[in-house]
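Novice: Sending over a structure as structure tokens; questions will come in a sec.
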Amino acid sequence: MSKLSRVAAWLLCATSLAGGPASAQVDVATFTKLDSFTDIEISPTGEFYAATVPLGDRTGLVVLRRADNSVTARFALGKDTHIDEFSWVSDDRLLLGMAEAFGSDDEPSPTGEIYAVDADGKNIKNLVGFRAEGNGPGTRIQGRTQEDVAAYLLATMADDPNTVLIEVWPFHDDPYTRVETLDVRTGRRRPVTRAPVQHADFTVDHARQVRFAHGIGADNASMLYHRSGDDAEWQLVNDQSKTGRVERPVGFAADNRTAYLLVEDRQGTDKVVAFDTVAGGRRPLLQHEKVDPYTMLYTLGDQDIPVGAKFIGDKVEQQFFDDASAEARLYKMLQAAFAGQGVYVTSTTRDGKLALVQVASGTNPGDFYLFDVATKKANYLLSRREWIDPAQMGEVRPVSFKARDGLPLHGYLTLPPGSDGKNLPMVVNPHGGPFGVFDTPHFDAEAQMLARAGYAVLKVNFRGSGNYGRAFHEAGARQWGKAMQDDLTDATRWAAEQGIADPKRVCIYGGSYGAYASLMGVAREPDLYRCAVGYVGVYDLDMMVREGRGDSRANSVFYRQWVGEAGSLAEVSPNRLAERITVPVFLAAGGEDRVAPVEHTERMEKALRKAGVPVETLYYPNEGHGFYTEEHRAEYYGKLLAFLARHLGGAAPK
């Protein structure tokens, strides 16, 4: 164990767990234990590391001095509050963006609060947000006022370490966002510009002039405006309702004339184009044949110039605008050194001489290395889950096949360790969301736990998922319980036809939308699955649409376009189809779930019992959209493994 890893273990008061070979029992704690770190960045001078630390129902921050790995600062707020993002805005000061969540499986929602802290842990200040000043971190103001806003870091200022640019979103009825300067010491703000379109995000050039505003027009159509500088007028450069394209800026070339746009078109995958902001022409740069750009890659050092993109398909790949660039050469060298794994430079020092590199795969939760660019040496720092031995994890294979209507589908198959991949009990595991979300070949602790119990785990990016182009995404519109469900059925049958799955030992299990798809799966295909599990799910679409619309016009448009009209969804609501279900069901839910209220699960349970279906349940009144408490997580996964063992024959929990 490295010294830095020992610091991590000390901070979390955690005991390492050995990952042994597959056995008759599964040690649930090996897979439910939280990461030691999630994200880590090096400071501009290289003097410090800053990292986010999962603490169960919250996420904290720790700062360590690189010379001796001594802890110089710790920061965390109250229950359900997470550090969503953090940035070094000067050599010794960090800005923290906060988020709140109810459940570990739901993405925390940013609150728009900005805190600041020095690398030595001093001068903590709530710069923007609704927590009370003077009463200590974690104290909440009851309700928001007309003056309350949400704010997010837009850009640092190279010539002024105490000032940054922020995007400001009003909480009241004004939908027009704005840019302001923020003093990171005092919290003083000064207006810079206001968006010409509703709900806009902004992009600045290298002179820190606000140049783009991307927002929403009528019927949720994407609108992109550009101007030549802070004193110029906004000009419309793309209207989705007229061009059919969605264009989002991702940065500028060094000349501040050429901008880079991420473009979604009606056909094909998303692409990166170069946009001449003076002449108006667009020139294609990058496009993967199967998947969309996952994240942009930038120059080393303090210049945030896009140089390429990272793609996640069958494997992690990088493409560059110029294959001879320093960044392209660096990634090529790193990829060769860590063959079979994905590499990503998470941050660099200001001079570009030191880089923090993350290495990860389907069997490796993530290792971090400090890379010396000049000497080309990588020194191991720490692992996200040091107790996980990648050699003992199940193989993750990319899979592809066609749906019944010919649509290409892609997914990932996790196999039990040491398995030949034939005639296995299988768990089909649809993801949540569903729209825009997608499965990847990254490490998935839940899938690996199921694989350790002896199951093949099949994850499918059904239509409506992200990452495969706009047409694939939009093919899921109003297809809840219909074509989206057919994709999962087709995937299950494909696995059986390939000899991977024993067709008599298949269960379907998911969370949120995945729970919905699991119950719809056994309602529509009663002979295909032996059992179903629904975790924090929605099961009554009419209720979801009625309660989800609220007073927001945008929400109403979304539900109408993507789910359907309230009052017309009974035929695709599993709680209305319980009499068709003939296999055992396990349901779990949290009483504080705001995404999938517990009433969905209660109605599903009642309908199943009325229909005479064997049903097991697990409710936690104080949990939300996913279970945070360690004891609850252990109990839930223990019950899940026991349920699957009874019906599929895999290993029981230890």
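Novice: A642 - would you say it is over 26 Å from V457 (Cα atoms), assigned to a helix (DSSP H, G or I) and of a type in the set (A, V, I, L, M)?
Specialist: Considered against the rule, which asks whether it is over 26 Å from V457 (Cα atoms), assigned to a helix (DSSP H, G or I) and of a type in the set (A, V, I, L, M), A642 comes out as no.
Novice: I'd like to verify a number: residues in the range 407-424 that are assigned to a strand (DSSP E or B), surrounded by fewer than 23 Cβ atoms within 10 Å (Cβ to Cβ) and of a type in the set (S, T, Y), how many?
Specialist: Number satisfying all stated conditions: 1.
Novice: Run down I305, I312 and say which single residue is open to solvent by less than 50 Å² (accessible area, probe 1.4 Å), out of contact with any Lys or Arg (no Cβ under 8 Å at 6 or more places or on another chain), in contact (Cβ under 8 Å) with a residue 12 or more places away in the chain and more than 30 Å from L409 (Cα to Cα).
Specialist: When all the criteria are applied, what remains is I305.
Novice: If you scan the range 535-546, which residues turn out to be at negative phi, in contact with an Asp or Glu (Cβ under 9 Å, 6 or more places away or on another chain) and in contact (Cβ under 8 Å) with a residue 40 or more places away in the chain?
Specialist: Across the range 535-546, the qualifying residues are Y535, D540, M543.
Novice: In addition: What are the residues in the range 221-231 that are out of contact with any Ser or Thr (no Cβ under 7 Å at 6 or more places or on another chain) and open to solvent by less than 30 Å² (accessible area, probe 1.4 Å), if any?
Specialist: S222, M223, L224, R227, G229 - these are the residues of the range 221-231 that are out of contact with any Ser or Thr (no Cβ under 7 Å at 6 or more places or on another chain) and open to solvent by less than 30 Å² (accessible area, probe 1.4 Å).
Novice: How many residues, within the range 601-654, are free of Cβ contacts under 8 Å to residues at least 24 places away in the same chain, open to solvent by less than 70 Å² (accessible area, probe 1.4 Å) and either among the aromatic types (F, W, Y) or farther than 20 Å from A445 by Cβ (or both)?
Specialist: Matching residues across the range 601-654 total 2.
Novice: Considering only residues that are among the β-branched types (V, I, T), surrounded by fewer than 20 Cβ atoms within 10 Å (Cβ to Cβ) and part of a strand (DSSP E or B), which ones fall in the range 42-86?
Specialist: Selection gives V71, T72.
Novice: Looking at R385, R404, can you tell me which residue is assigned to a loop (DSSP other than H, G, I, E, B) and farther than 28 Å from V291 by Cα?
Specialist: Answer to the selection: R385.
Novice: Let me ask something additional. Quick check on my filter: what residues within the range 30-41 are of a type in the set (S, T, Y), open to solvent by less than 20 Å² (accessible area, probe 1.4 Å) and part of a loop (DSSP other than H, G, I, E, B)?
Specialist: Once the filter is applied, which keeps residues that are of a type in the set (S, T, Y), open to solvent by less than 20 Å² (accessible area, probe 1.4 Å) and part of a loop (DSSP other than H, G, I, E, B), the range 30-41 yields only S36.
Novice: May I ask you to list the residues in the range 169-220 that are assigned to a loop (DSSP other than H, G, I, E, B), more than 30 Å from W562 (Cβ to Cβ) and open to solvent by 30 Å² or more (accessible area, probe 1.4 Å)?
Specialist: The first filter runs over the range 169-220 and keeps only residues assigned to a loop (DSSP other than H, G, I, E, B), leaving 171-177, 184-188, 195-197, 205-209, 217.
Pick out the ones that are also more than 30 Å from W562 (Cβ to Cβ) and you get 184-188, 205-209.
Residues satisfying the conditions are R185, T186, R188, H206, A207, R208, Q209.
Novice: Out of the residues in the range 346-375 meeting the condition of being of a type in the set (V, I, T) and open to solvent by 20 Å² or more (accessible area, probe 1.4 Å), tell me which one is nearest to the chain's Cα centre (by Cα).
Specialist: Top of the filtered list is T346.
Novice: Could we say that L61 is at pLDDT below 95, farther than 15 Å from L356 by Cα and either aliphatic (A, V, I, L, M) or out of contact with any Cys (no Cβ under 6 Å at 6 or more places or on another chain) (or both) here?
Specialist: Working: at pLDDT below 95: no; farther than 15 Å from L356 by Cα: yes; either aliphatic (A, V, I, L, M) or out of contact with any Cys (no Cβ under 6 Å at 6 or more places or on another chain) (or both): yes.
Criteria not met by L61.
Novice: Quick one: in the range 377-393, of everything that is aliphatic (A, V, I, L, M) and touching a helix residue (DSSP H, G or I) at 6+ places or on another chain (Cβ under 6 Å), which residue is farthest from Y49 (Cα to Cα)?
Specialist: Among residues in the range 377-393 that are aliphatic (A, V, I, L, M) and touching a helix residue (DSSP H, G or I) at 6+ places or on another chain (Cβ under 6 Å), the one farthest from Y49 (Cα to Cα) is M393.
Novice: Restricting the search to the range 465-503, which residues are touching a residue at least 24 places away in the same chain (Cβ under 8 Å), more than 23 Å from P574 (Cβ to Cβ) and under 26 Å from the mean Cα position of the chain (by Cα)?
Specialist: Passing the criteria: G466, N467, Y468, G469, R470, A471, F472, H473.
Novice: A follow-up question, please. Would you be able to tell me the number of residues in the range 376-400 that are more than 25 Å from the chain's Cα centre (by Cα) and either open to solvent by less than 70 Å² (accessible area, probe 1.4 Å) or under 26 Å from R452 (Cα atoms) (or both)?
Specialist: Number of matching residues: 3.
The values are calculated or read from the model by the stated rules, or taken from the named source; none is laboratory data. All of these numbers come straight from a predicted model, not from anything done at the bench. Virtual Cβ from ideal backbone geometry, glycine too; neighbours counted across all protein chains shown. Ligands, DNA and RNA are stripped out before the accessible areas are found, and what is left, the full protein with its side chains, is counted by its heavy atoms. Shrake-Rupley method; radii C 1.70, N 1.55, O 1.52, S 1.80 Å.
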